[in-house]
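Here's the structure we're looking at; comments come further down.
The values are calculated or read from the model by the stated rules, or taken from the named source; none is laboratory data. Because the structure is predicted, anything quoted here is derived from the model rather than measured. Using ideal geometry, Cβ is built from the backbone for each residue, glycine included, and neighbour counts are taken over all protein chains shown. Remember, those area values only see protein heavy atoms, side chains included, never the ligands or the DNA or RNA. Shrake-Rupley method; radii C 1.70, N 1.55, O 1.52, S 1.80 Å.
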Amino acid sequence: MGRFGLLLITFLTVWYCETSVSLAVSVAKPSASQAKYLDYEIGASIHFNMQTFARTMRPGHVVSPDTFNPTKLSTDEWLKAASSFGAKYAILTLDHFSGFLLWPTETNYNYSVKNSQWKNKTGDVAWEFMQSCEKYGLKHAFYYSVHENWYMDIGNYRSPTPEAQAIYNKLVEQQMRELFDPKSKYANPFLIWFDAGIIPGVSPNIGPILRTVGNSTICMQCPSFAGNQGVRWVGDEQAVAPLPLWYSVKAGECGKDNIGRSCLLVYIWVPLGEQFCPPFCDTVIREHYWFWKPNTTDRVKNVSTLVREYLTSVGRGCHLILNLDPDPNGLVEDEDIQAYSAFGKAIQLLYEDEVITLQDQVLKLGKEMAISSEKPFSKVNGSLVIMEDVAQFGQLVAEYQVRFKSSQGWIEKPLKGSTIGQKAIIPFPKVSGGVIFAVGITITKLVTTDSSIMLREVSIYDWSRAAKNGYV
């Protein structure tokens, strides 16, 4: 209970209808890993690879492995920064288009950290990263590019010759076993991200490997082998989730658009898809650079921008991934560190002044649940947070509406919403007199034929201090 809780709960009145919840139709539900992914809400990606050192590298222009030499590398600094804004896991770019690997692979491959001058060919970025993850309480995760490998002349999934394609496919499959084998020190990543996915019959056959030795690992952009561990890209790099935002797709389409590519476009998401496949929203700290670029500190996002992106991603039921871009020394620049820390503090402040939290609330379809108080919820700003119990029931709400009451009575025009999913954050509207005394919630449409729904949580927060700091 927040600092206003004891005062407001005395005057609080809540009306709701207690009815049982049942599901008349089949609704896709998350696996244990997917439910954890939803609850984590925020992750970090770390773009650090050969492009950090050679921004001109491209197909046909592959630089020497000795170009990679981060003499001051501190994965502790990376993970401390990720932890500061609330990330629960971090994704490291083991290979990003260039083909350069951040672990000393034992496969017959000569473009990795063990072929560079860094640490006299004994370095292992992946292992240092994993140790730092453990130190700061984050899960480790990996990014691996299958569709591009400039070192091996792979472009858009394909090699120039069938013979070269076969060699590449075999190497990738060996590297997947090397990473995911239960005896491997890199095993059990929380998540693996295959950017742009794969093309069955052309790309390496990594699906059976992953689903056998990494079956609990969340798989990003894995349309043909996502199983019950898949997630998908929301479709932009601005951390803006569209509404409605559904978590299910037709079977076999977790990360596949309507022409078969791994683009994860919005229009394949359906309310009653057979396969659970929640989305993620990713964005950068420097607009718009994924890898470090010199003289771009003026592009570091300010706190209010990051909070707005939080509200358009997590606040719309989407998962947020915020990028880190260490420099060629292997360090995160001070301006970025300050922005991450300030963002984390701002998020904490959004939830710090709790007015009330109600759990396991059963609402009858079409009947309003009103939360009211004789004293105002907020003199300046505030929010209503609604959470579905997706883990237990799946995603059910298709439409809802919220009403607000000021000192002059109920505002006539209700705020109409669509999906809720993991979480919907609804800021209070600006009203005459600047205060809200009551909130009314009505679930108007479900994807099932049920007459009621149990919400996981309904909360009200005072955002006065967040507004005073310019965060909202």
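Since Gly255 meets every condition but one in (1) farther than 30 Å from Ser304 by Cβ; (2) modelled with pLDDT of 90 or more, which condition does it not meet?
(2)
Under 9 Å by Cβ, and 6 or more places apart or on different chains, what pairs join a residue from region 339-357 that is closer than 14 Å to Ser464 by Cβ with one that is acidic (Asp, Glu) and in a strand (DSSP E or B)?
Correct list of pairs: Glu352/Asp462; Asp353/Asp462; Glu354/Asp462; Val355/Asp462.
I want to confirm something. Restricting to region 22-54 and keeping residues that are part of a loop (DSSP other than H, G, I, E, B), open to solvent by 40 Å² or more (accessible area, probe 1.4 Å) and in contact with a strand residue (DSSP E or B) (Cβ under 9 Å, 6 or more places away or on another chain), which single residue is modelled with the lowest pLDDT?
Among residues in region 22-54 that are part of a loop (DSSP other than H, G, I, E, B), open to solvent by 40 Å² or more (accessible area, probe 1.4 Å) and in contact with a strand residue (DSSP E or B) (Cβ under 9 Å, 6 or more places away or on another chain), the one modelled with the lowest pLDDT is Ser22.
Considering only region 355-366, state which residues are surrounded by fewer than 16 Cβ atoms within 10 Å (Cβ to Cβ) and not in a strand (DSSP E or B).
Listed by number, the list holds a single entry, Gly366.
Results for (1) closer than 30 Å to Ile347 by Cβ; (2) in contact with a helix residue (DSSP H, G or I) (Cβ under 6 Å, 6 or more places away or on another chain); (3) in a helix (DSSP H, G or I); (4) open to solvent by 20 Å² or more (accessible area, probe 1.4 Å), shown as yes or no for each residue.
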{"site": "Leu79", "(1), (2), (3), (4)": "yes, yes, yes, no"}
{"site": "Ala82", "(1), (2), (3), (4)": "yes, no, yes, no"}
{"site": "Ser98", "(1), (2), (3), (4)": "no, yes, no, no"}
{"site": "Glu106", "(1), (2), (3), (4)": "no, no, no, yes"}
{"site": "Asn110", "(1), (2), (3), (4)": "no, no, no, yes"}
{"site": "Lys114", "(1), (2), (3), (4)": "no, yes, yes, yes"}
{"site": "Lys119", "(1), (2), (3), (4)": "no, no, yes, yes"}
{"site": "Glu128", "(1), (2), (3), (4)": "yes, yes, yes, yes"}
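Of all residues in region 376-429 being part of a strand (DSSP E or B), crowded, with 19+ Cβ neighbours inside 10 Å and aromatic (Phe, Trp, Tyr), which is modelled with the highest pLDDT?
For region 376-429, the residue satisfying everything is Tyr400.
Does Val213 qualify as being open to solvent by 30 Å² or more (accessible area, probe 1.4 Å), of a type in the set (Val, Ile, Thr) and more than 13 Å from the chain's Cα centre (by Cα)?
The answer is yes for Val213.
Determine which single condition Met57 fails, assuming it passes every other condition in (1) open to solvent by less than 20 Å² (accessible area, probe 1.4 Å); (2) hydrophobic (A, V, I, L, M, F, W, C); (3) modelled with pLDDT of 95 or more.
The number of the failed condition is (3).
Go through the residues of region 434-456 one by one and say whether even a single one is part of a strand (DSSP E or B), open to solvent by 20 Å² or more (accessible area, probe 1.4 Å) and farther than 30 Å from Ser26 by Cα.
no
May I ask you to list pairs of residues, at least six apart or on different chains, whose Cβ atoms are under 9 Å apart, with the first in region 90-118 being free of Cβ contacts under 8 Å to residues at least 40 places away in the same chain and the second being open to solvent by 10 Å² or more (accessible area, probe 1.4 Å) and among the β-branched types (Val, Ile, Thr)?
Pairs that qualify, where the first residue is free of Cβ contacts under 8 Å to residues at least 40 places away in the same chain and the partner is open to solvent by 10 Å² or more (accessible area, probe 1.4 Å) and among the β-branched types (Val, Ile, Thr), are Pro104/Thr122; Lys114/Thr122.
For region 145-173, how many residues meet the condition of being crowded, with 18+ Cβ neighbours inside 10 Å, assigned to a loop (DSSP other than H, G, I, E, B) and β-branched (Val, Ile, Thr)?
Residues flagged as crowded, with 18+ Cβ neighbours inside 10 Å, assigned to a loop (DSSP other than H, G, I, E, B) and β-branched (Val, Ile, Thr) within region 145-173 amount to 1.
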